[in-house]
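Comments concern the structure below.
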């Protein structure tokens, strides 16, 4: 019942890597900009920039991987591409809010948890692919597979001040739930990290959401919690 075999999936990853080689490094540019904004962020425009860059990451996966590559093997590529483009639009709309959430890394529990999950998405997720013995180009390049972008998004959302917003976690939580299928169908073992990361994100939201009660909307942007 799988759309394609595990080997076909890795062949698709290889085609993608070869298709954009040597431009894979460009995938990291939006991520590096997000990091700069998280370290700097105290202004409303900074928060909007983070959301727009996250939206761009989701849209890139939808266009470059699903529409350009996966559709050649199965119609599920159109479904995945549409989902990721809609998620990109979702974060772009979130950036248009009058007072979007304030994102910032600080030396506290939310900041450290955000940094940990972000690092797993950027370094750990593709690192597992190498550790499992796959060689380039049949590796899950960061920014290519849905799991890496979902992990990055969870990490960034956990840096929201004064507390994470559940509505911003919806797209990556959907991908985390879908990771059960990628593990079952293709033994994509790196997707295992999505499940505990999603659980930790929800627990963090439950633990810290009380900080949102009674906080003036403008304060989530203009002041540093």
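The values are calculated or read from the model by the stated rules, or taken from the named source; none is laboratory data. Predicted model only: the values in this text are computed from it and were never measured. Counting neighbours? That spans all protein chains shown, and the Cβs are built from the backbone with ideal geometry, glycine included.
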Residue in the stretch 63-70 that is at pLDDT 90 or above and closer than 13 Å to residue 87 by Cβ present: yes
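Residues are listed down the side, and each one gets a yes or a no for (1) under 17 Å from residue 172 (Cβ atoms); (2) in contact with a helix residue (DSSP H, G or I) (Cβ under 8 Å, 6 or more places away or on another chain); (3) in contact (Cβ under 8 Å) with a residue 12 or more places away in the chain; (4) crowded, with 22+ Cβ neighbours inside 10 Å:
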position	(1), (2), (3), (4)
73	no, yes, yes, no
78	no, yes, yes, no
92	yes, yes, yes, no
113	yes, yes, yes, no
127	no, no, no, no
Flag for residue 149 being part of a helix (DSSP H, G or I) and within 13 Å of the chain's Cα centre (by Cα): yes
Selection from the stretch 1-46 of residues that are modelled with pLDDT under 85, surrounded by 15 or more Cβ atoms within 10 Å (Cβ to Cβ) and closer than 20 Å to residue 133 by Cβ: 16, 17
Selection status of residue 198, under 20 Å from residue 81 (Cα atoms), in contact with a helix residue (DSSP H, G or I) (Cβ under 8 Å, 6 or more places away or on another chain) and either touching a residue at least 24 places away in the same chain (Cβ under 8 Å) or surrounded by fewer than 21 Cβ atoms within 10 Å (Cβ to Cβ) (or both): no
Among residues of the stretch 167-194, those that are touching a helix residue (DSSP H, G or I) at 6+ places or on another chain (Cβ under 6 Å) and without any contact (Cβ under 8 Å) to a residue 24 or more places away in the chain, counted: 1
Residue that is in contact (Cβ under 8 Å) with a residue 12 or more places away in the chain and either surrounded by fewer than 17 Cβ atoms within 10 Å (Cβ to Cβ) or over 18 Å from residue 53 (Cβ atoms) (or both), where the choices are 133, 147, 155, 143: 147
